[in-house]
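These notes are about the structure you will find just below.
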Amino acid sequence: MKINSITKHLDVYSSSNYYEYNRKNSPQKLNFSAMKASQFDGLDYSCMRKFKAPIEKFNSLKDFYVWTQEKLNKFVFDKPLKGKSKETEGYRKTILQQWQEGLGEYSTSIALLSIASLIKNLKPDNDNIPPIFNSTVFEETVADIEGAVALDKEFQFEISKLYSKHLKEIMLAKTVPYCKDGWVEIPVAKTPKQAEKNTELLNTLSRKTWCTKGIVSNIYVKQFGFRIYIENGEPEICIRTLDNRVYEIQGRLNDSIIPDKYKDLVIDYIEKNNLDLDCDTEAALYDIE
């Protein structure tokens with residue numbers, strides 16, 4: 001549920017306008033007694049159930065929205081964002097700030113579900129970063145979830161995962177427009193603007209097992225080029241290049257072993273693009289002992 005009239009002042013998620021919107025537009029009557037689960041609909045219901053809201057303490061939906069706002073503030077301001085690398089915290093904060101601004105257009109229930117999902121795997125011992133905020137992709141994601149919840153009130157979902165899936169599909173449609181299978185080339189970034197674009201693409205298309213996933217993608221795109229093979233919408237092979245030389249080839253397991261299934265495909269791509277190989281990579285590809 002997108003609400004264009006919500007302002008973005010104070011804690012970004014200013015909820016006063018949202019309360020007024022719900023007071024005027026909610027089909028439910030506000031009862032000045034303990035609320036019941038049956039009084040919640042859509043993503044309000046999902047949020048209430050996911051975070052185990054103490055609805056017995058609420059007299060109305062307004063009390064619920066106050067509660068979600070308070071819960072949201074704790075997630076936004078109390079969550080430590082430091083990672084393994086010193087650059088991680090700043091990068092995480094920048095991206096989450098973009099999310100906060102974008103989510104200011106939505107209900108506090110949707111904002112809480114989203115922020116909690118985004119920061120779930122941002123740990124001090126990793127360099128994971130959230131996906132960038134794209135208003136169109138997010139709007140489509142919310143619409144899909146709302147449709148699913150309308151069919152099944154107890155539908156379980158993780159917004160960040162569904163959003164990332166939508167974002168990947170859109171990027172693939174732009175880079176591999178005619179089929180789901182194909183090579184995506186990410187050249188070395190020459191400008192800050194290109195670095196930002198390439199970082200977004202590399203991070204989105206990288207598997208979780210690859211070292212290109214996370215904060216280091218911002219560093220890699222300035223030094224290396226990448227060729228990623230997509231099959232059925234999923235990344236299977238990543239070739240890292242330095243100038244015109246193959247620096248590294250990884251399969252989905254990131255174990256430096258090129259899966260037999262893809263060897264001929266990789267060889268064909270390297271030969272067609274006149275990429276140079278070192279002795280070890282050449283031996284692994286051509287099964288030279």
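Taking a probe of 1.4 angstrom, what is the accessible area of Thr191 in Å², to the nearest 10?
Around 70 Å² of this residue is reachable by solvent.
When only alpha-carbon atoms are used, what values of Rg and Dmax, in angstrom, describe the chain?
Taking only Cα atoms of the chain, I get Rg and Dmax of 22.8, 79 Å.
Please report the projected area of the range 82-144's Cα convex hull averaged over all directions, in nm².
For the range 82-144, averaging the hull's shadow over all directions gives 4.1 nm².
By how many degrees, between 0 and 90 and to the nearest 10, does the Cα long axis of helix 135-151 differ from the longest principal axis of the chain?
The angle comes out at about 60 degrees.
From Cα pairs below 8 angstrom and at least 6 apart in sequence, can you work out the relative contact order of the range 192-289, rounded to a whole percent?
18
Determine the dipole magnitude for the chain: charges of +1 sit on the beta-carbon of Lys and Arg, -1 on that of Asp and Glu, nothing else is charged, the reference point is the Cα centre, and the result goes in debye to the nearest 20.
Here the chain has a charge dipole of around 1520 debye.
How much of the accessible area of the chain, in percent, comes from carbon and sulfur atoms when a 1.4 Å probe is used?
51
Accessible area per residue, 1.4 Å probe, Å², for the chain: what's the number?
55
Which Cα, out of Asn244, Thr281, Ile230, lies furthest along the positive dipole direction of the range 138-289 (beta carbon charges, K/R +1, D/E -1)?
Value: Asn244.
What residues qualify as long-range amide H neighbours of Phe58, i.e. H under 5 Å apart, gap of 5 or more or another chain, H built at 1.01 Å from N?
The answer is Met35.
Just flag the trypsin sites (Lys or Arg not before Pro) in the range 57-113 sitting in loop per DSSP whose Cβ has no more than 12 other Cβ atoms within 10 Å.
Counting only loop positions with at most 12 other Cβ atoms within 10 Å, the trypsin sites (Lys or Arg not before Pro) in the range 57-113 are Lys86.
Hey, could you get me the Stokes-Einstein D for the range 83-209, Kirkwood radius over alpha-carbon pairs, 20 °C and 1.002 mPa s, rounded to whole µm² s⁻¹?
Numbers: Rh = 16.1 Å.
The calculation lands on 133 µm²/s.
For the range 132-289, what number results from the quotient of the Cα radius of gyration and 2.2 N^0.38 Å?
So the range 132-289 has a normalised radius of gyration of 1.17.
Under a plain spin-label model, where a point goes 7 Å from the Cα along Cα-to-Cβ, how far apart in nm are Ile257 and Phe155?
Each label point lies 7 Å from its Cα, and together they span 4.0 nm.
Might you report the magnitude of the Cβ-based charge dipole of the range 69-144 about its Cα centre, with Lys and Arg at +1 and Asp and Glu at -1, to the nearest 20 debye?
460
What does the highest-first list of 277-285, 113-121 look like by mean Cβ count within 10 Å?
Most protected by this proxy first, the peptides run 113-121, 277-285.
How far, in degrees from 0 to 90, does helix 108-119 lean away from the longest principal axis of the Cα atoms of the chain, to the nearest 10?
Helix 108-119 sits roughly 30 degrees off the main axis of the chain.
In nm, give the distance between the simple-model label positions of Glu234 and Lys74, each being 7 Å from the Cα along the Cα-to-Cβ direction.
In this crude spin-label approximation the distance works out to 3.7 nm.
From zero up to wherever the largest Cα-Cα distance of the range 27-148 sits, split into 5 Å bins and tell me the percent of pairs in each.
The calculated distribution, bin by bin, is 2, 10, 20, 20, 17, 14, 9, 5, 2, 1, 0.
Could you give the angle, 0 to 90 degrees to the nearest 10, between helix 88-103's Cα long axis and the longest principal axis of the Cα atoms of the chain?
Orientation of helix 88-103: about 50 degrees from the principal axis.
The values are calculated or read from the model by the stated rules, or taken from the named source; none is laboratory data. Here the structure is a predicted model, which means the values were calculated and not measured. As a convention, Cβ positions derive from the backbone with ideal geometry for all residues, glycine included, and neighbour counts pool all protein chains shown. For the accessible areas, the whole protein counts, side chains as well, though only heavy atoms, and no ligand, DNA or RNA atoms are used. Shrake-Rupley method; radii C 1.70, N 1.55, O 1.52, S 1.80 Å.
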